[in-house]
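Shown next, in structure tokens, is the structure this report addresses.
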């Protein structure tokens, strides 16, 4: 009897391996999975029910093919259901996120973090979900840690920060946020995968609105469709290009043309493109937007920008990427007006004061970190 049971167990394992492998083979050949198949397979990955080689093959194959809307939604659903500690901040107005996928070809400074602070300074509730650097030199979590935000705290601390300061960030690579498996997977890879998309959507707070930067123009509609399936009410999914059009960034670009897939109030998806000049912004030089060094240097540079100490291309691209956030929340009638408003917010000093509020409220021990931030602000000549 024991031998029979052992044989049944072996057969089930072999069937599972073969089924999983057949779906990986479909991906390699360019075929899509249904949302249900993607969900089922990724639950096996999260539960570590497949060998490491099968798991890696799945991630590589679906990323190389380009994930469909159904695949993204299915993987998101698996991560959110079984590997996300959920919270729901009690705030007035919509909850908004601003996040990029990474994996792009232009390694800019952390634009989305600065843009989120500008939006939060205008009273918009920002619930960021970021990570440490995987394909870049300095991720959102890295730079905010350098500025004094507690990025290794429990989700309840983030929730209270959103409620009290109007902004918070969930660390997508922390076991306090994704306790079972996402940390295990991300800690073992150093290349961008579908997790940059689906994993970043697994925001513990389930925002209503979003600005999401993506690494390729081809991903605009699939990601917008996936976000619509997930339940986002409004969203701008954006991809920007270099001046020569040969490389891209997961932001609206001040170098060249940007492409947008927008989820509108009536739940339709519209696509269009725009140039920086359309919004009253000059064309930037790429070198002005790149990383300036390590975490400390990037943090100091961001502080100078938030204090109004930078008037050039870096400030303009932050205002450009704050504009969709202001529009979605009803703080501006259109993108050109929103760009001007973002600039006024920086000049008023409200953006850097919002950072101080953030450090105060997203911290288990805020005193020493606030002191460090004040020292950094003095060094930035605020």
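Residues of region 90-110 that are in contact with a helix residue (DSSP H, G or I) (Cβ under 9 Å, 6 or more places away or on another chain), assigned to a loop (DSSP other than H, G, I, E, B) and within 21 Å of residue 223 (Cα to Cα): 94, 101, 102, 103, 106.
Okay, residues lined up against (1) modelled with pLDDT of 95 or more; (2) surrounded by fewer than 23 Cβ atoms within 10 Å (Cβ to Cβ):
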{"position": "155", "(1), (2)": "yes, yes"}
{"position": "175", "(1), (2)": "no, yes"}
{"position": "180", "(1), (2)": "no, yes"}
{"position": "189", "(1), (2)": "no, yes"}
{"position": "207", "(1), (2)": "yes, no"}
{"position": "211", "(1), (2)": "yes, no"}
{"position": "220", "(1), (2)": "yes, yes"}
{"position": "225", "(1), (2)": "yes, yes"}
{"position": "240", "(1), (2)": "yes, no"}
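Residues of region 21-52 being in a helix (DSSP H, G or I), surrounded by fewer than 17 Cβ atoms within 10 Å (Cβ to Cβ) and either at pLDDT 95 or above or touching a strand residue (DSSP E or B) at 6+ places or on another chain (Cβ under 9 Å) (or both), which ones?
Correct list: 21, 22, 25, 26, 28, 36, 37, 40.
For region 262-278, a residue qualifies if it is farther than 24 Å from residue 340 by Cβ and exposed (fewer than 12 other Cβ atoms within 10 Å of the Cβ), and the qualifying residues are 266, 267, 268. Residues in region 200-224 that are assigned to a helix (DSSP H, G or I) and under 9 Å from the mean Cα position of the chain (by Cα) were compared, and the one that is nearest to residue 94 (Cα to Cα) is 201. Return only the number of the condition from (1) at pLDDT 95 or above; (2) surrounded by fewer than 21 Cβ atoms within 10 Å (Cβ to Cβ); (3) at negative phi; (4) within 15 Å of the chain's Cα centre (by Cα) that residue 236 does not satisfy. Single failed check for residue 236: (2).
Each row is one residue, and each column tells you yes or no for (1) in contact with a helix residue (DSSP H, G or I) (Cβ under 6 Å, 6 or more places away or on another chain); (2) surrounded by 19 or more Cβ atoms within 10 Å (Cβ to Cβ); (3) under 30 Å from residue 274 (Cβ atoms); (4) free of Cβ contacts under 8 Å to residues at least 24 places away in the same chain.
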{"site": "332", "(1), (2), (3), (4)": "yes, yes, yes, yes"}
{"site": "335", "(1), (2), (3), (4)": "yes, yes, yes, no"}
{"site": "338", "(1), (2), (3), (4)": "yes, yes, yes, yes"}
{"site": "345", "(1), (2), (3), (4)": "yes, yes, yes, no"}
{"site": "352", "(1), (2), (3), (4)": "yes, yes, yes, no"}
{"site": "362", "(1), (2), (3), (4)": "yes, yes, no, no"}
{"site": "368", "(1), (2), (3), (4)": "no, no, no, yes"}
{"site": "375", "(1), (2), (3), (4)": "no, no, no, yes"}
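At least 3 residues being farther than 16 Å from residue 144 by Cβ is the threshold, and among the helices (runs of 4 or more DSSP H) wholly inside region 264-382 those reaching it are 313-328, 335-348, 366-379.
The values are calculated or read from the model by the stated rules, or taken from the named source; none is laboratory data. This structure is a prediction, so every number in the text was calculated from the model and none was measured. Note that each Cβ is placed from the backbone with ideal geometry, even for glycine, and that neighbours are counted across all protein chains shown.
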